[in-house]
Amino acid sequence: METREKAVVVFSGGQDSTTCLFWALKHFKEVIALCFRYGQKHIHEVDMARAIARRAGVEFFEMDVPLIGALGRNSLTDESLEMDFQKPAESYPNTFVPGRNLFFLSIAAVFARERGIFDLVTGVSQTDFSGYPDCRDSFIRSLNVTLNLAMDEQFVIHTPLMWRDKAQTWALADELGVFELVRTQTLTCYNGIPGDGCGACPACLLRKRGLDQYLRQKGEVV
């Protein structure tokens, strides 16, 4: 992809969005990181995101949007709800925050438009994910059209990880020169533990499975 001018990255400080932040720095001349506080219990991710953005030398913005977490019942924002550790057979895991990516990207589009920016970057993936419908390519394509119609602009939503599994995402971080940063300085864990995390929640298990696979491919001992 050619180098363009500016992009806004929807940035949480986790493995995927951090990899996307550095991907964006490779492809855009100016990058802004936009992070959301939506009532998540693992709120420490915002502090991690701010530190990573500072290290990357990009402008960092936080936005408080508690309505997103409060609208639907989910275990990432509701202290009384025990987290699903496996995907239920007939539904989505209760770690699914309804509308989260819909809201994040819609808000990011308005935020970007006000700054004359029309490229958005998000770390969603259909290849290796927890079954969330708002991580699918069809949703992103549909929303991209909707945003263009809603604001009469020509936004482009970039999804560098859409067709990468977690091992390939680790490979991309390595290619971008930020493997150790992603491994030790990001927060993916739903229980709010940085780096390798708690090792038990769905996010940690997915991350570790991909890391182990990538290290085996490199010939390193897991």
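Among the numbered conditions (1) aliphatic (A, V, I, L, M); (2) surrounded by fewer than 18 Cβ atoms within 10 Å (Cβ to Cβ); (3) under 14 Å from the mean Cα position of the chain (by Cα), the only one that Ile107 does not meet is (3). Among the residues of segment 35-91, those identified as at pLDDT 95 or above, open to solvent by less than 30 Å² (accessible area, probe 1.4 Å) and among the aliphatic types (A, V, I, L, M) are Val46, Met48, Ala49, Ile52, Ala53, Ala56, Val58, Val65.
Filtering segment 9-28 to residues that are over 8 Å from the mean Cα position of the chain (by Cα) and open to solvent by 10 Å² or more (accessible area, probe 1.4 Å) leaves Phe22, Trp23, Leu25, Lys26, His27. The requirement of being assigned to a loop (DSSP other than H, G, I, E, B), touching a residue at least 12 places away in the same chain (Cβ under 8 Å), over 30 Å from Asp78 (Cα atoms) and out of contact with any Gly (no Cβ under 7 Å at 6 or more places or on another chain) is fulfilled somewhere in segment 177-187, by at least one residue. Of the residues making up segment 92-104, those that are surrounded by 19 or more Cβ atoms within 10 Å (Cβ to Cβ) and under 19 Å from Gly192 (Cα atoms) are Thr95, Phe96, Val97, Arg100.
Filter segment 29-48 for residues that are assigned to a helix (DSSP H, G or I) and without any contact (Cβ under 8 Å) to a residue 40 or more places away in the chain; which is nearest to the chain's Cα centre (by Cα)?
Let us first name the residues in segment 29-48 that are assigned to a helix (DSSP H, G or I), namely 44-48.
If we keep only those that are without any contact (Cβ under 8 Å) to a residue 40 or more places away in the chain too, we end up with 46-47.
Values: Val46: 12, Asp47: 15 Å.
Looking at the filtered set, the residue picked out is Val46.
Entry remark, segment 94-147: residues being closer than 21 Å to Tyr38 by Cα, assigned to a helix (DSSP H, G or I), polar (S, T, N, Q) and touching a strand residue (DSSP E or B) at 6+ places or on another chain (Cβ under 9 Å) number 1 in total.
The values are calculated or read from the model by the stated rules, or taken from the named source; none is laboratory data. Just so we're clear, the structure is a prediction, and the values are computed from it rather than from any experiment. Counting neighbours? That spans all protein chains shown, and the Cβs are built from the backbone with ideal geometry, glycine included. With ligands, DNA and RNA removed, areas are computed over all heavy atoms of the protein, side chains included. Shrake-Rupley method; radii C 1.70, N 1.55, O 1.52, S 1.80 Å.
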